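The values are calculated or read from the model by the stated rules, or taken from the named source; none is laboratory data. Source: prediction; values computed, not measured. Note: ideal-geometry Cβ built from the backbone for every residue, glycine included; neighbour counts use all protein chains shown.
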Amino acid sequence: MMTMRMNRTIVAALVLLLLQTAVIPWAIPSAWSDRLLPHLPFVMTMFVAAFAGRHRAFLFGLGFGLLEDTLSYGHMIGAYAFGMALLGYLVGLLAEQRTTRTLAFTLLMIGLGSGLLDLLVYFVYKLFLLTHLSVAYVVYWQVVPTLLLQTFAGLALYLPVRRWFIKTAAPKEEAAA
């Protein structure tokens, strides 16, 4: 049984949010600034879902989704919060059904979750007439590049997350004996 150290996870997600809002816009070329929409706290939400459970992932996604809504994407408050919380819960539900949490499973969930998050936010914006873009355009120009970027971010963060945020219950049991 693994438990996640949530205090460190929240601090790490805040650092990722800072990187997302302050550093990455300078690193992305101006021609790609409309195409790449990184959501690094969402990647951490997927890790929380995989390693800490669906309820923590729901709350984690809700909190950081609201932060992303207010800091970066001010068209509508709540779209990213709803999407991140819902997907965190669903991925956590899937992760609870599996006995092993491998790199491939985690990257697959990050990739699928990223695509679904962007599509969910697009459909919420389309529902409230905040966008005029077609689905094909959004998938080709925004969802796929963002999905690849977030999957690579998940690959880069996988080992540090496992080393710093995960502690096994076995040393406690041995110390108690």
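For the structure I just gave you, tell me whether Leu130 is at pLDDT below 90 and in contact with a Pro (Cβ under 6 Å, 6 or more places away or on another chain). Lay out the reasoning, then the answer.
Numbers: at pLDDT below 90: yes; in contact with a Pro (Cβ under 6 Å, 6 or more places away or on another chain): no.
For Leu130, the condition - at pLDDT below 90 and in contact with a Pro (Cβ under 6 Å, 6 or more places away or on another chain) - is not met.
Cβ-Cβ below 7 Å, separation at least six or inter-chain, first residue in segment 78-105 and over 19 Å from Leu159 (Cβ atoms), second β-branched (Val, Ile, Thr) and surrounded by 16 or more Cβ atoms within 10 Å (Cβ to Cβ): which pairs?
Listed pairs, sorted by first residue: Ala79/Val121; Ala79/Val124; Tyr80/Val121; Gly83/Val121; Met84/Thr45; Gly88/Thr45; Gly88/Val48.
A quick yes/no check of all residues on (1) modelled with pLDDT under 85; (2) buried (at least 19 other Cβ atoms within 10 Å of the Cβ):
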| residue | (1), (2) |
| --- | --- |
| Ala81 | no, yes |
| Gly92 | no, yes |
| Thr99 | yes, no |
| Gly111 | no, no |
| Asp118 | no, yes |
| Val124 | no, no |
| Ser134 | no, no |
| Val139 | no, no |
| Ala176 | yes, no |
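Tally time: how many residues in segment 1-43 are among the hydrophobic types (A, V, I, L, M, F, W, C), more than 26 Å from Val138 (Cα to Cα) and buried (at least 18 other Cβ atoms within 10 Å of the Cβ)?
The number of residues fulfilling the criteria is 3.
Return the only residue of Thr131, Thr100 being farther than 29 Å from Pro29 by Cα and assigned to a loop (DSSP other than H, G, I, E, B).
Among Thr131, Thr100, only Thr100 is farther than 29 Å from Pro29 by Cα and assigned to a loop (DSSP other than H, G, I, E, B).
What number goes with the only condition from (1) modelled with pLDDT under 90; (2) closer than 21 Å to Leu157 by Cα that His75 does not pass?
The one condition His75 does not meet is (2).
Taking segment 44-60 as the search range and keeping residues that are among the aliphatic types (A, V, I, L, M) and buried (at least 24 other Cβ atoms within 10 Å of the Cβ), which one is farthest from Leu155 (Cα to Cα)?
Among those that are among the aliphatic types (A, V, I, L, M) and buried (at least 24 other Cβ atoms within 10 Å of the Cβ), it is Ala57.
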